[in-house]
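Chemist: Sending over a structure as structure tokens; questions will come in a sec.
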Amino acid sequence: EYDADDLWRLFAQLLQSLTHKIAQTQTHPNANADIVGICVSSMGESGVLIDAAGQPCAPVIVWHDLRTKPYLDYWQTRLSPIELYHITGLSFDHIYAASKLRWHREHTPVALAHATHWLGLADWLTFKLTGVRSTSLPMASRTMLFDPSTRAWSDHMLSLTGIPAHLMPPIYASGSVVGH
């Protein structure tokens, strides 16, 4: 597990250090004004449940955590591999957000009930920088809840997960400006 607030603090310290070093190497006093954007990316399928105030509701389950492995049986009794592929473009695996959200539904229902959004880790850091709850197409595609043919959250997969659609954030193309 990760602590989402610890990840944010570490990220913020890194940004402060980076902007300080950039300012030291520039010749004019407003060197950081030259920074026009920040891109946040991530790997893996870890995510954060956040509440209306933007606070984490539960620890982050790391992408490779085996506690979601039993959900493979759950998925395989509800979908064939071909159906899953046609809806999501993915094959069965325990690592996706769909299984993590099912785990939260069964093991941390109070946290899930308080949550207003599920954000991938890159989305969490973007939210902390901008206040905007969003995700990118690549991150959405790694949830097992996204339909790439419609470029939207799959109502069918959300229904099978038992997770309300409002938890899933708006989806933006990679490189989109989502906030300031």
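The values are calculated or read from the model by the stated rules, or taken from the named source; none is laboratory data. Quick caveat, the model's predicted, so the values are computed rather than measured. All Cβ positions, even for glycine, are placed from backbone atoms using ideal geometry, and neighbour counts span all protein chains on display. Just so you know, the surface numbers come from the protein's heavy atoms only, side chains and all, with ligands and any DNA or RNA stripped out. Shrake-Rupley method; radii C 1.70, N 1.55, O 1.52, S 1.80 Å.
Chemist: For segment 70-115, what size does the Cα cloud have along each of its three principal axes, sorted from largest down, in whole Å?
Modeler: Per principal axis, max minus min of the Cα coordinates gives 34, 17, 16 Å.
Chemist: Could you tell me the center-to-center distance, by alpha carbons, between segment 116-180 and segment 59-80 in angstrom?
Modeler: About 19 Å separates the Cα centre of segment 116-180 from the one of segment 59-80.
Chemist: Scan the chain and note any complete DSSP helix (H) whose C-alpha atoms cover at least 24 Å along its axis and whose Kyte-Doolittle average is -0.5 or more.
Modeler: Qualifying helices, which must be both long enough and hydrophobic enough, are 4-25.
Chemist: Within the accessible area of the chain, what % is carbon and sulfur when the probe is 1.4 Å and the other protein chains stay in place?
Modeler: Numbers: 5470 of 9600 Å².
Carbon and sulfur together cover 57 percent of it.
Chemist: Given points 7 Å out from each Cα along the Cα-Cβ axis, report the Asp93 to Asp5 separation in nanometres with one decimal.
Modeler: A separation of 3.2 nm, rounded to one decimal place.
Chemist: Tell me, in nm to one decimal, what length is gained between Thr19 and His180 on full extension, where the rule is 0.36 nm per residue of separation less the Cα-Cα distance? Show your work: numbers first, answer last.
Modeler: Values: separation 161, 0.36 × 161 = 57.96 nm, distance 1.64 nm.
Length gained, Thr19 through His180: 56.3 nm.
Chemist: Show the residues, 5+ positions off or on another chain, whose built amide H is closer than 5 Å to the amide H of Phe146.
Modeler: So Phe146 has HN proximity to Ser154.
Chemist: Could you work out which residue, out of Gly162, Gly120, Gly47, moves most in a Gaussian network model of the chain, that is, has the largest mean-square fluctuation with Cα springs under 10 Å?
Modeler: Of Gly162, Gly120, Gly47, the Gaussian network model singles out Gly162 as fluctuating most.
Chemist: Continuing with the same structure: How much of the DSSP beta bridge set in the chain is antiparallel, as a percent to the nearest 5? Show your work: numbers first, answer last.
Modeler: On the way: 8 of 10 bridges.
Rounded to the nearest five, the antiparallel share is 80 percent.
Chemist: Given the Cα atoms of the chain, and with Rh set as the inverse mean 1/r over their pairs in the Kirkwood sense, what is Rg to Rh to two decimals?
Modeler: Working: Rg = 17.8 Å, Rh = 17.3 Å.
My calculation puts Rg/Rh at 1.03.
Chemist: With +1 on each Lys and Arg Cβ and -1 on each Asp and Glu Cβ, and nothing else charged, work out how big the dipole of the chain is about its Cα centre, in Debye to the nearest 20. Provide the component values of the computation, followed by the final result.
Modeler: On the way: 12 positive and 15 negative charges, 25 e Å.
With Lys and Arg at +1 and Asp and Glu at -1, about 120 debye.
Chemist: GNM, the chain, Cα, under 10 Å: largest mean-square fluctuation among His114, His20, His86?
Modeler: Most flexible of the set in this elastic network: His20.
Chemist: Shifting gears a bit: Under 1.5 on a/c is rounded, so check that first for segment 104-180, then, if it is not, pick prolate when a/b is larger than b/c and oblate when it is not; a ≥ b ≥ c are the square roots of the alpha carbon gyration tensor eigenvalues.
Modeler: Values: a/c = 2.44, a/b = 1.24, b/c = 1.97.
Since a/c reaches 1.5 but b/c is at least a/b, the shape of segment 104-180 is classed as oblate.
Chemist: Moving to a separate point now. Select from Asp51, Asp123, Asp93 the residue whose mean-square fluctuation is largest in a Gaussian network model of the chain (Cα-Cα springs shorter than 10 Å).
Modeler: Asp93
Chemist: Tell me, in nm to one decimal, what length is gained between Ile38 and Val132 on full extension, where the rule is 0.36 nm per residue of separation less the Cα-Cα distance?
Modeler: On the way: separation 94, 0.36 × 94 = 33.84 nm, distance 1.41 nm.
Answer, rounded to one decimal: 32.4 nm.
Chemist: What value, in deg cm²/dmol to 500, does the helix sum -39500 (n - 2.57) over DSSP H runs of n ≥ 4 give at 222 nm once divided by the residues of the chain? Show your work: numbers first, answer last.
Modeler: Working: 8 runs with 74 residues, N = 180.
One gets -11500 deg cm²/dmol as the mean residue ellipticity at 222 nm.
Chemist: Answer with one residue from His94, Gly131, Cys57: the one whose Cα lies farthest towards the positive end of the charge dipole of the chain, charges on Cβ with Lys, Arg +1 and Asp, Glu -1.
Modeler: With unit charges placed on the Cβ atoms, the residue in question is Gly131.
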